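Okay, structure first, notes after.
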Amino acid sequence: MSATTKRIVILGAASAMAEAAARLWAAQGASLALVGRNAERLETIAADLRLRGAAVTVEPADCDTVDAAATLDALANRLGGIDVVLLAYGILGDQSRLESDPAATRALLHTNFVSAAGWCMAAADRFERQRSGALIVIGSVAGDRGRASNYVYGASKAGLAALVEGLAHRLAKAGARAALIKPGFVDTPMTAHIAKKGPLWAQPEALGRAIVRAAEKGGPVSYAPVYWRGIMAVIRNVPAPLFHRTNL
Ligand SMILES: NC(=O)c1ccc[n+]([C@@H]2O[C@H](COP(=O)([O-])OP(=O)(O)OC[C@H]3O[C@@H](n4cnc5c(N)ncnc54)[C@H](OP(=O)(O)O)[C@@H]3O)[C@@H](O)[C@H]2O)c1
C-alpha cells in the first residue's frame, strides 16, 4: 500500500481473516472503518487495532440489509475518502439443511451473493468516479466446481467470482482495481466445527497477508495459499464419471 492509500472499509470486520489483515494495515498506520453486526466484538477489535497504530471507526450494521452506497458515503465522510474496500463477510450454511429449506437457501444466496454484489457495485461506482481504489473480495475455491457437499455456498461464491472479474475489467479503464481472493481451508470460526484439520489448512494470518498484498497489486483472481491454484486446476478437470464416484 502506498503512503496515500490507507483509508480502508472492512465489511464483516469480525471475520478472522479480515482481522488478520486489519492488524497488518494498523501497523502501517491506516485509517480503518469496521462494519459488522456485533458491535461489542467490533469495539474489542477496534481497541486492539488502535494500540497497533490505526485510526479506527466502528459502524455496527448488518451488511445483508443496510444501504451499501449510503453507508460508503457516510464512511467516506468520516475517513476523508476511501482507498480500499475489503468485503470479507459470508456464511457457510449447512448443505443438508439447505436442500430441505428453500428459505435458508435464499438467505445464504442473499448474504453471500445478492447483498455482496450490492456492496461491490457501490464500491466500484465510487472507485470509478475517483479513478482510483481497490475492491478486495473474499471468494472461495468452493466456487470453482460444484460439489455435492457444498454447492449452494459454492454457487454463491462462483457468482461473486464472475461479478468481481467483470468489475476488474470495468475498473481497469478508470485506473482502479477489483480483486477476488479464493481461500482454500482456513482455520477460522466458520470452520470451527470441522475437527480434523490436516496439512492443507491455513491460518487466518496467511490470509491476512494475502489480502494486504492483493490491496497493493496483483491480478483480478488469486488463490490463497497459492497451492490451491494447482489443486483446483486438477479438481476442475476430473471427468464427471470419475468425479461422481467421490464424496467431495
Ligand atoms: N474459513 C474458510 O475455510 C473459508 C474458505 C474459503 C472462503 N472463506 C470465506 O472467507 C470469508 C471470511 O470468513 P472467515 O473464514 O474469516 O470466517 P469468520 O471468522 O466466521 O467470519 C465470517 C464473518 O462474516 C460475518 N457476517 C456474516 N453475515 C454477516 C452480515 N449479514 N453482516 C455483517 N457481517 C456478517 C460474521 O459476523 P458475525 O460475527 O456477526 O456472525 C463473521 O464475522 C467469508 O466470506 C468466507 O465465506 C472462508
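Read-outs: derived from the displayed coordinates by stated rules, not from any lab. From a predicted model like this one, the values you see are computed outputs, not experimental measurements. All Cβ positions, glycine included, derive from the backbone under ideal geometry; neighbour counts span all protein chains shown.
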Handout entry: Whole-Hz couplings from phi, Karplus 6.51/-1.76/1.60, listed for the range 234-248; x for Gly and Pro
Key = 5, 4, 4, 9, 5, x, 3, x, 6, 4, 6, 8, 8, 10, 5
Practice task
Using +1 at the Cβ of each Lys and Arg and -1 at the Cβ of each Asp and Glu in the chain, identify which of Thr246, Ala54, Leu92 lies farthest towards the dipole's positive end.
Solution key: Thr246
Exercise for the section: Give the whole-number value, in cubic angstrom per residue, of the convex hull volume spanned by the C-alpha atoms of the range 108-176. Expected result: 63
Completion exercise
Note to self: C-alpha centroids of the range 11-30 and the range 43-100 sit apart, in Å, by 11
Handout entry: Per-selection metrics, the range 7-243 (Cα): Rg and Dmax in Å
Key = 17.2, 55
Handout entry: Ascending count of other beta-carbon atoms within 10 Å, so fewest first, for Glu40, Glu165
Key = Glu40, Glu165
Fill in the blank from the handout: The Kirkwood hydrodynamic radius of the range 4-141, taken as the inverse of the mean 1/r over all distinct Cα pairs, in Å, comes to 15.3
Practice task
Would you mind ranking Glu59, Glu99 by Cβ crowding within 10 Å, fewest neighbours first?
Solution key: Glu99, Glu59
Handout entry: Helical mean residue ellipticity (222 nm; -39500 (n - 2.57) per DSSP H run of 4+; nearest 500) of the chain
Key = -14000 deg cm²/dmol
Exercise for the section: Let me know the charge dipole size of the chain about its Cα centre in debye, to the nearest 20, where only the beta-carbon of Lys, Arg (+1) and Asp, Glu (-1) is charged. Expected result: 800
Handout entry: Integer Hz, Karplus 6.51/-1.76/1.60 couplings in order for the range 122-130, x for Gly and Pro
Key = 5, 5, 5, 4, 4, 5, 5, 4, 7
Problem - Percent RCO, i.e. relative contact order, over the chain, from Cα pairs under 8 Å lying at least 6 residues apart - result: 19
Problem - trypsin sites (Lys or Arg not before Pro) within the range 122-181: DSSP coil, no more than 11 neighbouring Cβ in 10 Å - result: Arg131, Lys173
Practice task
Give me the number: length gained by fully extending Arg145 to Ala107, i.e. 0.36 nm times residue separation minus the C-alpha to C-alpha distance, one decimal in nm.
Solution key: 11.5 nm
